[in-house]
1. If you check every pair at least six apart or on different chains, which have Cβ atoms under 9 Å apart with a residue in the range B:175-186 that is closer than 18 Å to B:Gln201 by Cβ first and a residue that is outside any strand (DSSP E or B) and among the basic types (Lys, Arg) second?
2. Which of the residues that make up the range B:144-161 are at pLDDT below 85 and either more than 23 Å from B:Glu190 (Cβ to Cβ) or within 11 Å of chain C (Cβ to nearest Cβ) (or both)?
3. Can you name the strands (runs of 3 or more DSSP E) wholly within the range C:143-262 that have at least 2 residues being closer than 30 Å to A:His193 by Cα?
4. Filter the range B:64-98 down to the residues that are in contact with a Leu (Cβ under 8 Å, 6 or more places away or on another chain) and assigned to a strand (DSSP E or B) and list them by number.
5. Among the residues of the range B:248-293, which ones are within 7 Å of chain C (Cβ to nearest Cβ) and acidic (Asp, Glu)?
6. Could you check, for the range C:76-87, whether at least one of its residues is on the phi < 0 side of the Ramachandran plot, aromatic (Phe, Trp, Tyr) and in contact (Cβ under 8 Å) with a residue 40 or more places away in the chain?
7. Looking at the range C:19-32, can you tell me whether even one residue there is under 16 Å from the mean Cα position of the chain (by Cα) and at pLDDT 85 or above?
8. Which of the residues belonging to the range B:99-116 are of a type in the set (Asp, Glu) and part of a helix (DSSP H, G or I)?
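The values are calculated or read from the model by the stated rules, or taken from the named source; none is laboratory data. Because the structure is a prediction, the values reported are computed rather than measured. Cβ placement follows ideal geometry from the backbone for every residue including glycine, while neighbour counts extend to all protein chains displayed.
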Amino acid sequence: MTNRAGFVRETFTALRKDSLGMTGLVIVVTILLLTLFASILSPYDPLEVDVYNRLVGPSWQHWLGTDQLGRDVLSRVLYGGRVALKVSLVAISVSMAAGLLLGMMAGFGPKWLDRVLVICFDTLRSFPTIMFALSIVALTGPSLNTVIGIIIITSIPVYGRIVRTQTQAMRDNDFILAERAMGASTAHILRHHVLPNIAAPLLILASMDVPAVVGMEAGLSFLGLGVSAPTPSWGSILNDGYSYLRNSPWPIIAGGIPLILVTLGFTFFGESLRDILDPKLRGKGGKF
Amino acid sequence: MDKPVLDIRDLSVSFLTERGLLRALRNVNIPIDPGRIVGIVGESGCGKSTLISAIIRLLAPNAQIDSGSILWRGDDLLDLEPDAIRALRGDEISMVFQDPMTSLNPVLTIGRQMTDVQHRDNRSKAEKRARATRMLERVGIPDPVEQLDRYPHHLSGGMRQRVAIAMALMTEPGLLIADEPTTALDATLEVQIIHRLQQLQRDFGCAILFISHHLGVIAELCDEVVVMYAGEVVESGSTRDVFLNPRHPYTQKLLDCDPARIKKATRNLPVIGGSLPDLVELPDGCVFRPRCDISIDRCRSERPGLEGSNHCIACHLARQ
Amino acid sequence: MSELLQVNDLRVRFPIKGGLAGILDRERPTHVDVVHGVSLDIRHGETLAVVGESGSGKTTLAMALCGLAPVLDGEVYFDGRLLDKDKNNYLVPDRKRIALMFQDPTGSLSPRMTVRKLLAEPYKIHTGLSDDPDQSALDLLSLVGLGNDFANRYPHQLSGGQARRVGVARALALNPDLLIADEPTAGLDVSIQGEVLNLLADLQQEMGLGIMIITHNLNIVRHVADQMAIMYLGRFLEQGQSGLIFDHPRHPYTAALLAANPSTDPDAASERIELTGEVPGLLKRPRGCEFHTRCPRVQPGCLEQFPDSEGTRAMQAWNCIHPLS
């Protein structure tokens with residue numbers, strides 16, 4: 001395990017030298033902390049209705065104003081972060097795990113399996129996401145779990161495809177052949193030799209995927225296909241504020257800023273992670 | 001005697017690394033006279049690649065030139081503007097690499113690539129094609145007209161290397177730099193290529209800087225040899241002098257290691273003990289001393305310079 | 001001494017993916033015979049060197065013997081026992097007893113594993129051979145002359161010679177009887193090449209290993225091999241005791257190869273038989289003796305059929321109807 005700790009430290013040292021990546025990391029960590037401690041940090045109950053103070057602008061009582069039901073927007077944004085976090089965490093880890101499994105099966109398994117899986121991936125990817133989401137919601141009714149399910153189903157092919165390509169590129173490498181010559185089983189090779197080598201690109205992809213998933217949740221919730229009525233989510237905040245945009249832009253601005261920050265934070269972080277984890281750019285410090 | 005086409009004088013190059021300054025080349029002197037074939041021998045880490053990069057001015061961004069000059073027909077290449085260097089690279093200095101595919105474009109036909117290199121000429125397309133055909137013929141490619149319409153992957157390794165040489169000679173350069181051009185080839189093809197190079201050198205009169213770690217190839221092809229070790233020239237002179245009468249301990253050991261020179265079959269091949277010095281923290285005195293069997297106290301404190309008029313040796317003990 | 005490995009008339013054929021070209025061009029071959037009938041013997045404690053130009057099928061031969069390439073035809077006996085083939089026609093060798101060393105010393109080491117892990121791995125794949133894989137890894141490291149401080153390095157932190165030593169250690173971890181080494185000195189400097197070959201020779205003496213070295217470097221063959229075989233377009237053109245072949249090659253190709261070796265003596269009057277022409281591709285095998293397109297001694301009879309083997313394999317055998325006398 002000392003190796004892994006060393007690896008993390010090394011990565012972090014390299015990250016510290018990259019100001020953009022560091023900015024990304026700071027944004028990401030801040031957002032994570034704010035949402036994790038939403039229950040402590042929120043000045044109000046995000047569901048508490050106060051009809052006497054509808055649509056007020058920012059003030060000392062309500063830093064980001066209130067919405068059309070007089071709910072505190074700051075509290076709703078903080079709690080909404082929880083939804084975003086839950087969706088991205090669950091959806092990305094499940095689709096990454098499934099994509100990893102299926103992609104490695106396609107990349108390393110027999111040819112017929114590869115063909116079947118690639119056809120499945122491509123079929124799934126060819127559905128327009130919104131149409132797909134609409135039809136699923138029509139069947140099940142809007143809920144957070146439906147959103148997560150939709151995102152998982154549409155993301156698996158993306159991860160699966162990438163894992164498949166990476167695995168295939170790996171499979172004819174000398175070191176994989178050397179393992180086979182030594183008598184290693186396919187499972188052993190996949191776990192100990194393929195996985196560690198494709199993990200880095202996959203993690204980068206996942207970190208860049210967070211904003212997309214958060215945006216997708218917000219989009220679906222904005223269309224009323226996501227979280228149901230009182231639960232705050234960045235998408236539903238935007239949806240609520242949308243009708244009152246002309247009189248009170250606060251809810252829209254407050255719901256939009258975290259989306260922008262998440263996108264920027266994870267993109268900066270992911271990009272700099274990519275540069276750091278690329279073994280060609282690391283290690284010997286370049287060819288002399 | 002003619003002035004050298006390329007004269008590397010007292011060149012020192014180092015790289016800024018995380019550990020400190022890596023001194024890849026130190027006070028290297030290599031004059032290349034017109035029409036001569038000069039071979040550079042040395043093992044990995046001796047600075048061959050850095051030297052080539054310095055000549056064609058394609059050093060890594062973390063490199064710095066500490067001292068010296070590289071004179072091309074009297075002008076210092078290190079002072080030239082990037083545009084002038086680019087013009088020189090295509091026109092006067094050509095290169096052939098170990099892997100011919102690095103200089104051939106896989107998606108263009110041989111003919112197209114060979115006419116493209118003549119872009120500076122004001123000739124008609126047909127004339128350029130005819131020139132390309134003649135050049136392919138001269139490097140020993142059978143049915144050159146047919147080959148013009150083929151793609152690099154249609155050709156065998158030996159043929160590709162010939163095409164790469166033909167392309168390098170299209171502009172009739174003053175200097176051809178060949179970086180291990182035969183390493184990827186087999187013995188029989190290797191011999192064919194080096195004989196062809198010798199022939200072409202006589203026809204075109206260009207100088208050739210030939211880099212290889214294959215001692216036999218150098219001995220067979222080159223007029224002069226430069227032996228490099230850990231970023232320094234340790235011995236240089238005519239091929240005959242250096243190979244028949246090696247005087248630097250490193251050259252001697254290197255030649256001893258060549259299994260081709262050991263006529264009697266042995267299961268115990270000679271090796272050079274120890275390893276290359278750390279180029280960041282160089283030892284004082286002679287750079288080869290830690291691996292040398294005959295070193296004296298002076299070798300520990302004083303770095304030997306390259307001395308001699310024709311056969312030069314950088315060793316305190318060689319003059320005795 | 002008994003035969004450790006006996007190969008009779010081994011053939012390896014690869015299909016060629018037709019694609020569009022295959023439909024348009026009916027004459028395009030559908031398969032390529034990379035190893036075209038090879039027979040050889042390796043005895044316990046002996047070294048066979050397989051010499052040939054690139055593309056001659058040397059590496060494929062090694063792969064096939066290790067069960068990494070499909071076999072079309074032929075029998076392989078290992079220690080007297082006929083090796084089975086699986087349903088895809090790959091040989092099923094005992095992986096503990098046949099070890100393979102790949103050509104690229106660094107590329108054949110898993111890049112994200114430390115040397116310690118790489119060396120402990122064989123014992124994790126084949127459990128029951130070592131109680132303490134980590135300790136065995138350190139033992140292997142000292143066996144190949146590397147200090148314990150190498151244990152925590154990654155492959156890219158090793159020099160070519162060091163990576164090659166780790167490769168040797170890995171190959172010997174399971175205490176094999178046969179080691180197949182594909183170009184063990186490729187990419188190594190002259191001064192280090194000797195180290196690796198000496199190491200192999202010492203270990204062979206200690207462990208009684210049979211070794212098959214695949215190389216195109218004739219200079220080392222003279223020193224390391226008891227037997228040698230000259231491969232050209234998937235066939236052996238000459239094979240036998242290396243001393244006999246070096247002293248007195250019978251096949252013109254062997255003679256040309258031996259003479260093609262550039263010497264470091266600038267005065268060596270090289271009475272070289274220079275071959276002309278290029279190596280024909282495997283797809284367009286010449287008729288008859290496949291070497292006739294480049295042979296300086298070619299005669300009309302050479303085009304009729306591939307010559308039968310003459311002489312005895314244990315001494316010197318050649319496939320040529322007009323051998324050198």
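1. B:Asp179/B:Lys48; B:Glu180/B:Lys48
2. B:His154, B:Leu155, B:Ser156, B:Gly157, B:Gly158
3. C:178-182, C:210-215
4. B:Gln64, B:Ile65, B:Ser67, B:Gly68, B:Ser69, B:Ile70, B:Leu71, B:Trp72, B:Ile93, B:Ser94, B:Met95, B:Val96
5. Answer for the range B:248-293, where residues must be within 7 Å of chain C (Cβ to nearest Cβ) and acidic (Asp, Glu): just B:Asp258.
6. Checked against the condition, which is being on the phi < 0 side of the Ramachandran plot, aromatic (Phe, Trp, Tyr) and in contact (Cβ under 8 Å) with a residue 40 or more places away in the chain, the range C:76-87 yields at least one hit.
7. For the range C:19-32, residues under 16 Å from the mean Cα position of the chain (by Cα) and at pLDDT 85 or above: absent.
8. Answer for the range B:99-116, where residues must be of a type in the set (Asp, Glu) and part of a helix (DSSP H, G or I): just B:Asp116.
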